[in-house]
Amino acid sequence: MSIVCPHCGDAEEREEHVFFHYQYARVFWFGSSIQLDSSLIPGDNFIEVWKWIANKYEEEQDQDKLMWWVVCGLWRLWKCRNRQFNNDGAWIKKKGLGGFGWVERDLAGIFRATNGVGNVACESSLMAEAEALRAALISVVERGFDVILVETDSKDMLSQT
């Protein structure tokens with residue numbers, strides 16, 4: 001199954017496209033302190049690309065620092081590629097009440113929107129966390145986003161999916 005990149009529409013959205021061949025990624029790498037022209041990187045998959053990069057810096061005196069920069073760059077590109085929604089829920093067991101909220105950040109990590117609700121009938125902390133996620137996803141749909149990254153601190157909720 002081929003999935004077209006939702007950001008540029010020009011290529012199949014695979015790891016090597018996201019991290020090295022997408023226009024934003026090429027500008028990122030060339031403008032970085034390692035000034036990597038990622039349009040010249042060969043490889044049909046991420047492993048081949050990674051091996052090429054490792055070989056490129058293999059003989060460099062500060063190889064570890066350069067590879068550290070590459071790893072941090074990959075992380076930053078992933079974070080910048082996605083709108084981010086952090087959500088959280090809270091629950092007061094004695095009262096059977098909870099509250100929840102969410103925060104949206106754009107591709108650069110800049111705050112864009114938030115919302116929250118308190119005094120909601122909840123039977124558990126898991127229910128409050130689920131309500132927080134539901135509120136964030138409703139906002140996503142209403143605002144027309146099609147590519148997002150949702151983060152939660154609820155291990156219990158994640159294990160239910």
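Hydrodynamic analysis of the chain uses the Kirkwood radius over alpha carbon pairs. Inserted into Stokes-Einstein at 10 °C and 1.306 mPa s, it gives a translational diffusion coefficient of 87 µm²/s. The amide H of Glu13, built 1.01 Å from its N in the peptide plane, has Ile3, Val4, Cys5 as neighbours under 5 Å, considering only residues 5 or more places off or on other chains. Computed 3J(HN,Hα) for the stretch 92-100, one whole-Hz value per residue from the Karplus formula 6.51 cos²θ - 1.76 cosθ + 1.60 where θ = phi - 60°, is 10, 4, 4, 9, x, 10, x, x, 7, glycine and proline marked x.
Exposed loop sites here mean trypsin sites (Lys or Arg not before Pro) with a DSSP loop assignment and at most 10 other beta-carbon atoms within 10 Å; the chain contains its longest site-free run at 1-93. Sites count as exposed loop sites when they are GluC sites (Glu not before Pro), lie in a DSSP loop, and have at most 12 other Cβ atoms within 10 angstrom; the longest stretch of the chain without one is 61-122.
About the centre of its Cα atoms, the stretch 78-140 shows a dipole size close to 120 debye [charges on the beta carbon of Lys, Arg (+1) and Asp, Glu (-1) only; nearest 20 debye]. A straight Cα-to-Cα reach below 24 Å connects Lys93 with the lysines Lys155, residues fewer than 8 places away in its own chain not being considered.
Ordering Leu158, Leu97, Leu36 by the number of other Cβ atoms within 10 Å of each residue's own Cβ, fewest first, gives Leu158, Leu97, Leu36.
For the chain, the Cβ-based charge dipole about the Cα centre amounts to some 740 debye (Lys, Arg positive; Asp, Glu negative; other atoms uncharged). Cβ-to-Cβ counts within 10 Å put Thr152, Thr114 in ascending order as Thr114, Thr152, the fewest first.
Working from Cα pairs under 8 Å separated by at least six residues, relative contact order for the stretch 1-147 is 15 percent.
A Cα-only calculation for the stretch 33-83 places Rg and Dmax at 11.6, 38 Å. Screening the chain for whole DSSP H helices with an alpha carbon extent of at least 20 angstrom along the helix axis and a mean Kyte-Doolittle hydropathy of at least -0.5 yields 63-81, 125-142. Normalising the average separation of contacting C-alpha pairs (under 8 angstrom, six or more residues apart) by the number of residues puts the relative contact order of the stretch 15-81 at 31 percent.
Every number here is computed from the coordinates shown, using simple stated rules; none is lab data. These numbers come from a predicted model, not from an experiment. Neighbour counts are summed over all protein chains in view; Cβ atoms, including those assigned to glycine, are modelled from backbone coordinates with ideal geometry.
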